[in-house]
Amino acid sequence: MIRLPSYIKQGDTAPYLDAICKDKNGTIVDVTGASVQFHMRLKGGDTLKIDAAGTVVDGSAGHIRYALQSGDTDTAGTYHCEYEVTYSDGRIETFPNDDKPLVLIISPQIG
């Protein structure tokens, strides 16, 4: 479902954080014409580290993406992530839509 890398290094802005939107039955959700918002917060925290626009790569395939920006990964730690999709009719759906959070671990740089 999600192709989010589990580990990246502090300060990295690659690779893209890609996801394939699927419903609870594993069926791909068509997100054509939708907008995407990416959210990331430190595990156990309340404040969002990232609340920024993502993109729809291939709507009929449910493929969405967030491109990391400078400063997004400046703090090492374990983060929970999600994508909020707003359909053209105003309905909102969050992915993943189960009880398993996306986890991104930002490891400290050694140099």
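Miscellaneous remarks
- Electrostatic dipole magnitude of the stretch 1-80 [Cβ: Lys, Arg +1; Asp, Glu -1; Cα centre; debye, to 20]: 220 debye
- For the chain, DSSP calls about 90 percent of its internal beta bridges antiparallel.
- Ratio of Rg to Rh over the stretch 65-107 (Cα coordinates, Kirkwood Rh, two decimals): 1.06
- Counted by Cβ distance under 14 Å from Lys43, the other residues give a net charge of +1, where Lys and Arg count +1 and Asp and Glu count -1.
- Extreme residue, positive dipole direction of the chain, given options Val31, Gln69, Gly44 (C-beta unit charges): Gly44
- Rounded, prolate or oblate (a/c below 1.5 giving rounded, otherwise prolate when a/b exceeds b/c) for the stretch 12-56 by Cα gyration tensor: prolate
- Listed residue pairs exceeding 21 Å between alpha carbons, taken from Lys9/Lys100; Lys22/Lys100; Lys22/Lys43: Lys9/Lys100; Lys22/Lys43
- Short to long, the 5 Å bins of the Cα pair-distance histogram for the chain hold 2, 12, 23, 25, 17, 11, 6, 1, 1, 0 percent of all pairs.
Here, each number is a calculation from the coordinates, and none is a lab measurement. Since the model is a prediction, treat every value here as computed from it, not as a measurement. No Cβ is skipped: glycine too gets one built from the backbone with ideal geometry, and neighbour counts run over all protein chains shown.
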